[in-house]
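In what follows, a single structure is set out as structure tokens and then discussed.
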Amino acid sequence: MHAIRAASAALLGLGALALPAQPAVAADGGGTTPFGFSVLPSTITAGGQVTLRIDRSNGGCKGDVTITSGIFDSVRIAAHRSSTTTTVDFDLKVGAVYRVTFTCDGASGSTGLTVAGSRPVTPTPVPDAVPRAVRAGAGGTVAGFDLREVGLGAALVAGSVGAAYHFSRRRAGEDGGA
């Protein structure tokens with residue numbers, strides 16, 4: 001049994017290493033850009049966060065990068081930075097692929113960002129702090145005494161006890177006589 005578990009773990013580990021997820025890198029119109037870019041992850045749920053990256057190592061992009069899409073507000077990456085994180089909108093069509101366009105030094109490239117199945121649960125609002133202590137411990141005091149309610153409660157209890165007695169005596173009479 002131990003050998004089966006070890007073999008399964010080894011195969012899963014090898015599969016994870018052999019098939020790494022590639023970042024979404026594409027260029028507009030099938031052409032190439034002088035810089036690389038990526039959107040991680042390439043599939044996101046509505047309201048999730050994505051990391052937008054620009055490859056500055058090849059020298060193709062030296063200035064600010066503007067990133068636009070219909071899935072989030074326009075984002076800018078400063079010249080001295082290579083990535084930023086943004087939150088996608090909540091009201092997205094599930095399964096749709098939205099275009100994300102990177103523009104730097106007059107060159108543009110774009111890639112797709114896919115919206116995954118379920119929408120995230122809206123966070124539960126945190127209740128406001130109570131400004132003072134809660135009044136407690138007043139239950140059963142004479143201040144809430146109402147004679148009509150006490151009489152009605154006593155009548156209900158007496159009626160249920162009487163009905164139980166009646167049905168128990170009636171059944172006992174039927175069982176004893178047969």
Next item on the list: Select from segment 41-56 the residues that are touching a Ser or Thr at 6+ places or on another chain (Cβ under 6 Å) and either under 17 Å from GLY106 (Cα atoms) or open to solvent by 60 Å² or more (accessible area, probe 1.4 Å) (or both) and list them in ascending order.
Entry: THR43, GLN49, ARG53, ILE54, ARG56
Check: Within segment 35-67, which residues are of a type in the set (A, V, I, L, M) and part of a strand (DSSP E or B)?
Finding: VAL39, LEU40, ILE44, VAL50, LEU52, ILE54, VAL65, ILE67
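Right, ARG169: at pLDDT 60 or above, assigned to a loop (DSSP other than H, G, I, E, B) and more than 30 Å from THR43 (Cα to Cα) or not? Outline the logic, then answer.
Values: at pLDDT 60 or above: yes; assigned to a loop (DSSP other than H, G, I, E, B): no; more than 30 Å from THR43 (Cα to Cα): yes.
In short, no.
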Margin query: I need the full set of residues from segment 57-78 which are crowded, with 16+ Cβ neighbours inside 10 Å and over 36 Å from the mean Cα position of the chain (by Cα), in order please.
Written below: GLY60
Next item on the list: Report, by residue number, each residue of segment 79-112 that is open to solvent by less than 20 Å² (accessible area, probe 1.4 Å) and part of a loop (DSSP other than H, G, I, E, B).
Entry: VAL88, LEU92
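The values are calculated or read from the model by the stated rules, or taken from the named source; none is laboratory data. This structure is a prediction, so every number in the text was calculated from the model and none was measured. For neighbour counting, all protein chains shown are included, and Cβ atoms are generated from backbone atoms with ideal geometry for every residue, glycine included. What goes into the accessible areas is simple: the full protein's heavy atoms, side chains included, and nothing from ligands, DNA or RNA. Shrake-Rupley method; radii C 1.70, N 1.55, O 1.52, S 1.80 Å.
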